[in-house]
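In what follows, a structure is listed as structure tokens, so that the remarks can point back to it.
The values are calculated or read from the model by the stated rules, or taken from the named source; none is laboratory data. Just so it is clear, the model here is predicted, and its values are computed rather than measured. Here Cβ is always computed from backbone atoms with ideal geometry, including for glycine, and neighbour counts include all displayed protein chains. SASA here: full protein model, heavy atoms, side chains in, ligands and nucleic acids out. Shrake-Rupley method; radii C 1.70, N 1.55, O 1.52, S 1.80 Å.
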Amino acid sequence: MSRISVKPMPGAFGVEVEGVDLSRPLDAETERAVMDAFHGGRIMAIRGQKLVFDEFDRFTRRFGDQDAHFLDHLRLLGHPAILMLSNIFEDGKPVGVFEGAAFWHTDVAYRDPPNSATIVYALECPAGGCPTHFADMYAAYDDLPQAVKDRIDGLKVIHHYGNRDDMDEDSPQSAERLTAEQKKKVRNVVMPLVRTHHVTGRKALYGVAGSSFHIVDMPDDEALDLLDSLKEHALQPKYLTAYDYAAGDVVAWDTYATLHKATLQKPATKPEDRRVLWRVSVTGKPQIFRDGPQAT
Ligand SMILES: [Fe+2]
């Protein structure tokens, strides 16, 4: 029987789940309760976990199909599903994503299928903090005037890798620099501007910042005005919250219902400044909404 408790995070949205030990498989009732908390909260934190790779890996697989990240040079060696987020440098090179996510974006909206959820496990966290900022795209959509909803429902947006507000590879606010091989693989994909969530059925603004560059059948100046106005609307303080990690946190966010932005980091120069997070992204629905619960 599930004994989890779910409490709201401080701020506009998000939940913290207590009473779960992710070092063991979840029973069906607990898994359903965790997934319901996740979808209700858009961001979910489960603190105080002590996990080896296989245990974190098992939990992330419950959210959907693991998607090895496009930035293949920053994956954890031997574990392609894990993207490293870190401020540690070795031989002058960062061992993970260092400053490639410090702008508002939707994780991997530039590939089809897009990421539907991202799950991170915090192994080391800097004493000075390094929060991720989130915006609630359900609330941002719900509050739009009906005339705007009528205008944007059904529009299709062209995404590709990058940050439309900053394409300077040397800028800390641009997307992570690509290798020559990765640049050859950049493609345009078409995503809805208003996404109906695959589990909750709620509508959300989708991908209005970051990798969205054009709208199908709309002149670019008009398209960018529209995307920028929706981004500005969605980033009003009433829709925002932030989460700062502690070692042992497992945090998941619903990429169909949020925008997010990392904090710019400083390179670690002493042990207490080190930041190491494992990050897994998935596509598709959580397993419990497809095949039922995992075997225990
Ligand atoms: Fe991200």
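Note on region 99-145: Cα convex hull, mean projected area over all directions, 5.3 nm².
Using the per-residue mean of other Cβ atoms lying within 10 Å as a proxy for protection, in what order, highest first, do the peptides 184-190, 257-263, 73-79, 205-211 fall?
Listed from highest to lowest mean packing, they are 205-211, 257-263, 73-79, 184-190.
What the Cα atoms of region 198-296 give is an Rg and a Dmax of 18.2, 54 Å.
Taken one residue at a time, the phi angles of region 4-19 give Karplus couplings (6.51, -1.76, 1.60, θ = phi - 60°) of 6, 10, 10, 10, x, 6, x, x, 5, 6, x, 9, 10, 10, 10, x Hz. Gly and Pro are set to x. For the options PRO267, PRO126, PRO237, a Gaussian network treatment of the chain with springs between C-alpha atoms closer than 10 Å singles out PRO237 as fluctuating the most. Distances between placed amide hydrogens fall under 5 Å for GLY210 paired with ARG164, ASP165, all partners being 5 or more residues away or on another chain. In plain terms, if you count all Cα to Cα distances in region 5-289 and split them into 10 Å steps from zero, the share in each step is 6, 30, 37, 22, 5, 0 percent.
Here the 3J(HN,Hα) profile of region 166-182, calculated from phi with Karplus coefficients 6.51, -1.76 and 1.60 at θ = phi - 60°, is 7, 9, 7, 4, 7, 7, x, 8, 8, 5, 3, 4, 8, 6, 4, 5, 5 Hz, Gly and Pro shown as x.
Can you work out the accessible area per residue across the chain, with the rest of the protein chains kept in place, probe 1.4 Å, in square angstrom? Display every interim value, and only then the final one.
Details: 13080 Å² over 296 residues.
That works out to 44 Å² per residue.
Per residue of the chain, the DSSP helices (runs of n ≥ 4 H) give a summed -39500 (n - 2.57) that works out to -5500 deg cm²/dmol at 222 nm.
Using every pair of separate Cα atoms, the Kirkwood estimate puts the hydrodynamic radius of region 228-275 at 13.7 angstrom.
Taking a Cβ cut-off of under 13 Å around ASP220, the surrounding Lys, Arg, Asp and Glu residues balance to a net charge of -4, with basic ones at +1 and acidic ones at -1.
Sorting HIS197, HIS133 by solvent-accessible area of protein heavy atoms yields HIS133, HIS197, largest first, with a 1.4 Å probe. With N counted as the residues of region 132-234, its alpha-carbon radius of gyration over 2.2 N^0.38 Å works out to 1.14.
The share of accessible area on the chain that comes from carbon and sulfur is 51 percent, using a 1.4 angstrom probe.
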